[in-house]
Amino acid sequence: GANLKRREAGDEAALATAIEGLKSSDESIVISAIEYVRHHHEDRQTEILGHLCADQRKYVRSAAIQPLLTDDSPAAVESLASALSDSDSEYSAVLALAKRRDARAWPVLLKMIQGDSVGDQRFAAENLHYIGNDALPILRDLLANDDEKLRRAALTSLQKIADVSVLDALLKYAAAETRSDERSRIIDTLGRINDPRSIQYLETFLDDPR
């Protein structure tokens, strides 16, 4: 009994020290405190770390977001949403919200597509399928983009929400694509579209796979 009480008192003292560390101006101390809470007080991490998801320091923000990604509680979702910003949204937070079908992720993904960062554009293209059919016109247009990797990122989304409305764009993309692995993904996507033209293309491909 006495040993347990001493251990509990020690845990509480260590937690109090960590919480105080979260207030430090020294980024390394804050991140160490976040890791302590993450590994030793998982049941309270959203309560204790949530406010840091909106921290101005990128590495602090990223460290605070990570333990909340698997927490589906309303408090965790709100904390993740606070990480969204006009200029520097965390990929992991955007993706976590998109997977939860939280509407606040949509304008961020769309802004990434329209922005100048190639990395942002590719990330958004790969995850626009979470928006559903509303993303199809954007993905269709991306199949004709000059950036090869962006086209392939768009196809990643289209594999999950294949629809006849993008069939013409897919067939045009298929005709221009030469990489065998990418053609396999196109065929997989076309196979999900129940349309005579996609079936005709698949039959042609089987006859002459190039």
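The values are calculated or read from the model by the stated rules, or taken from the named source; none is laboratory data. All values reported here derive from a predicted model rather than from experimental measurement. Note that we place each Cβ from the backbone using ideal geometry, even for glycine, and neighbour counts take in every protein chain shown. With ligands, DNA and RNA removed, areas are computed over all heavy atoms of the protein, side chains included. Shrake-Rupley method; radii C 1.70, N 1.55, O 1.52, S 1.80 Å.
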Hey, if we sort Glu182, Glu42, Glu20, Glu126 by accessible area with the 1.4 Å probe, largest down, what's the order? Glu42, Glu20, Glu126, Glu182
Segment Ser117-Asp141, length gained on full extension (0.36 nm per residue, minus Cα span): 6.9 nm
Leaving ligands, DNA and RNA out of it, work out the accessible area of His41 with a 1.4 Å probe and give it in Å² to the nearest 10. 20 Å²
Taking Thr70, Thr189 and ranking on accessible area (1.4 Å, protein atoms only), highest first, one gets Thr70, Thr189
Environment charge of Ala105, counting only residues whose C-beta is closer than 13 Å and scoring Lys/Arg +1, Asp/Glu -1: +2
Among the aspartates and glutamates, select those whose C-alpha is under 13 Å from the C-alpha of Lys23, and discard any that sit fewer than 8 residues away in the same chain. Asp55
Largest-first principal axis extents of the Cα set of the chain (Å): 79, 39, 27
Using only the alpha-carbon atoms, how far is helix 196-207 inclined from the longest principal axis of the chain? Give it as 0 to 90 degrees, nearest 10. 80 degrees
When 1/r is averaged over all different Cα pairs and the result inverted, which Kirkwood radius in Å belongs to the stretch 131-175? 10.2 Å
To the nearest 10 square angstrom, how much accessible area does Tyr130 have with a 1.4 angstrom probe? 40 Å²
Convex hull volume per residue for the stretch 16-140, taking Cα atoms only, in Å³: 97 Å³
In deg cm²/dmol, rounded to the nearest 500, the helical mean residue ellipticity at 222 nm of the chain, built from -39500 (n - 2.57) for every DSSP H run of length 4 or more, is -19500 deg cm²/dmol
In whole Hz, the Karplus estimates of ³J(HN,Hα) for the stretch 161-167 (6.51, -1.76, 1.60; θ = phi - 60°; x where Gly or Pro) are 9, 4, 8, 4, 5, 10, 4
Given the C-alpha atoms of the stretch 116-195, compute the convex hull and give its volume per residue in Å³. 82 Å³
